[in-house]
Every structure is written in structure tokens, then in C-alpha cells.
Amino acid sequence: MKHLKKFFAVALILIFVCSSAFAKSGDEHIRDWNNSFGITDKPSRDNIQPLWKQARDVIDGYENDYKKLHGKFEWFSLRTGAGEHRLLFHWGFNADPKNYKPLVNKVDSLLENNPDAKKEKTEFFRYLANEIQSERNRNLINSVIRTTGIPTARGYANAIATIIYDIHLLGDYATSYTSVLPSIGEIEKDLINHGFKRLLAGGDKSEKLKRIEHELDAAVKVGRGRTNSKRAENLLEAVRIFLPQILNERFKNSLQQKGITITELN
């Protein structure tokens with residue numbers, strides 16, 4: 001009996017370690033978001049929590065939409081316990097899933113012997129983008145507006161949604177099964193072009209924002225040429241340094257009205 005208990009204890013530990021290797025927990029992603037956005041005090045963490053919950057559902061909550069996809073396209077199936085769930089909704093906020101190579105390769109393999117493969121593939125990606133992904137993105141944008149008060153004007157809310165998404169993907173590079181994630185180069189490009197540049201370009205640009213833009217560009221370049229995990233860490237650190245400064249410069253009053261205080265790194 002004693003040996004049996006020991007066996008089960010070891011088994012539970014192994015299950016936990018293996019599952020942790022495949023994916024970050026929801027709490028770990030929330031910690032990344034709080035750190036990146038400069039959310040340090042408890043009232044602010046509580047007030048921004050609904051946004052993090054929505055973001056977690058949009059990026060990692062694949063189950064309901066996977067059922068829809070499998071119901072409409074019976075040939076589509078994933079080994080979700082092996083980390084293949086990342087083939088869904090981990091292509092990024094702004095990407096078209098039909099250009100997401102890991103999922104395209106999976107669909108091609110599933111349709112290999114299907115006489116209507118071309119038609120099925122076209123309909124699958126059209127449905128995925130127009131019916132499912134568009135709704136998920138809309139839910140995240142609406143949560144950004146509702147929780148933070150940051151508007152859609154000048155693409156601000158979309159930029160915040162983009163950055164939230166990319167922080168999650170960069171965090172996933174600390175785990176295994178990263179082959180189904182967008183490349184670090186793609187995430188960096190999305191983070192800068194659709195995230196930070198939108199926040200920096202809209203409206204009048206103060207001297208502080210001009211300085212941030214220059215320093216951010218230099219900080220991002222530092223990580224290039226390193227391993228994927230180190231490059232991901234470098235990008236997350238750059239976000240942690242510069243995003244809170246931009247948020248306070250652009251949206252401090254709106255955020256405070258929602259009970260959210262942004263703390264900048266000294």
C-alpha cells in the first residue's frame with residue numbers, strides 16, 4: 001500500500017510536469033500580462049482581471065469552437081492532449097489562419113485522400129476566419145474598451161488587443177511544442193507594426209513618445225540572432241519597460257477612471 005501511494009504521487013508529479021511543459025497555465029499568462037502592462041497594486045489587478053479572463057478564453061479556450069469546426073467539418077480532428085490545441089487561435093490577432101503554415105499543413109494531411117480536398121480546405125478556412133476568428137477578435141476588442149476605457153479611435157483598442165495576444169505567444173516560447181507557434185520574427189513584426197506603432201503614431205506625439213519610439217527600436221534589435229526563447233524573453237522585457245510609459249502618456253486618465261493604475265519601471 002505504501003509503495004502504491006508513492007507510485008501515484010510520482011505519477012501525479014509527472015503528469016503535472018508534462019502538462020506544464022506543453023503550456024503555460026492561465027495564472028502564468030495573467031502574471032505576464034500584469035507585468036507587461038505595469039499592473040502592480042491589488043485594486044488595479046482586480047479591475048483589469050475581466051480583460052485577462054477574456055483574453056485567456058480567446059487565445060486558449062478552443063473547446064467550444066473546436067466542437068463547431070469538427071461538427072461542420074467531420075474530417076477535422078486534433079490530438080489536443082499533445083499540445084495540438086495550439087494549432088487553433090495561436091496564429092496571432094492580425095493573421096489570417098489560411099496563411100498559418102502549421103494549421104495549413106495539418107489540414108492538408110487530414111484531407112490527403114479526400115476527393116473534395118480543395119473545396120473543403122477553402123470552406124474550412126473561410127468559416128474559421130469569417131465566422132469564428134472574427135467573433136473572437138471582436139470579443140477581445142470589446143473587452144479592451146469596456147475594461148480599460150481605451151477607445152477604438154486611431155486603432156488604439158486593436159493595438160492593445162494585438163499586444164495582449166503577442167505577450168501570450170511570447171510566453172508560450174518558454175514551453176515545449178513551440179513548432180506550432182508563429183516564428184519569433186513574425187511575432188516581433190506584429191508586436192511592433194500592429195501594436196506599438198499604432199499606439200505611438202496616433203494623435204500628437206510628445207517628446208517622451210518620440211524618445212520611447214527610438215529606445216524601443218534599439219531594445220528590440222538587441223535580441224535578434226539569439227535563441228527563440230531568449231529572443232522571446234528580450235521582447236517581453238522590452239514590452240515591460242516601454243508599454244507602461246506609453247499607456248500613461250496616452251491613456252492615464254481613461255485608465256484611472258476604470259480604477260487601473262499603471263506603474264512604470266524606474
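Odds and ends about this structure:
- Selection within the range 49-80: residues that are outside any helix (DSSP H, G or I) and hydroxyl-bearing (S, T, Y). The member of this set that is farthest from the chain's Cα centre (by Cα) is S77.
- Tally of residues being surrounded by 13 or more Cβ atoms within 10 Å (Cβ to Cβ) and either within 25 Å of the chain's Cα centre (by Cα) or in a helix (DSSP H, G or I) (or both) across the range 109-121: 4
- Checking each residue of the range 122-136 against the condition of being in contact (Cβ under 8 Å) with a residue 24 or more places away in the chain, surrounded by 15 or more Cβ atoms within 10 Å (Cβ to Cβ) and more than 19 Å from R86 (Cα to Cα) gives no match.
- Residue satisfying condition, being in contact with a Lys or Arg (Cβ under 9 Å, 6 or more places away or on another chain), at pLDDT 90 or above and either polar (S, T, N, Q) or not in a helix (DSSP H, G or I) (or both), within set Q256, Q245: Q245
- Restricting E207, E233, E186 to residues that are surrounded by 13 or more Cβ atoms within 10 Å (Cβ to Cβ) and farther than 21 Å from N99 by Cβ narrows the list to E233.
- All of T152, T148 fail the test of being open to solvent by less than 40 Å² (accessible area, probe 1.4 Å) and among the hydroxyl-bearing types (S, T, Y), apart from T148.
Yes or no, residue by residue, for (1) outside any loop (DSSP other than H, G, I, E, B); (2) within 14 Å of the chain's Cα centre (by Cα); (3) touching a residue at least 40 places away in the same chain (Cβ under 8 Å); (4) on the phi < 0 side of the Ramachandran plot:
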{"position": "R146", "(1), (2), (3), (4)": "yes, no, yes, yes"}
{"position": "I160", "(1), (2), (3), (4)": "yes, yes, no, yes"}
{"position": "I167", "(1), (2), (3), (4)": "yes, yes, yes, yes"}
{"position": "R211", "(1), (2), (3), (4)": "yes, no, no, yes"}
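- Tally of residues being surrounded by 13 or more Cβ atoms within 10 Å (Cβ to Cβ), out of contact with any Ser or Thr (no Cβ under 7 Å at 6 or more places or on another chain) and under 14 Å from F125 (Cα atoms) across the range 67-101: 14
The values are calculated or read from the model by the stated rules, or taken from the named source; none is laboratory data. Keep in mind that what you see is a predicted model, and the values were worked out from it rather than measured. Note that each Cβ is placed from the backbone with ideal geometry, even for glycine, and that neighbours are counted across all protein chains shown. For accessibility, only protein heavy atoms count, side chains too; no ligands or nucleic acids. Shrake-Rupley method; radii C 1.70, N 1.55, O 1.52, S 1.80 Å.
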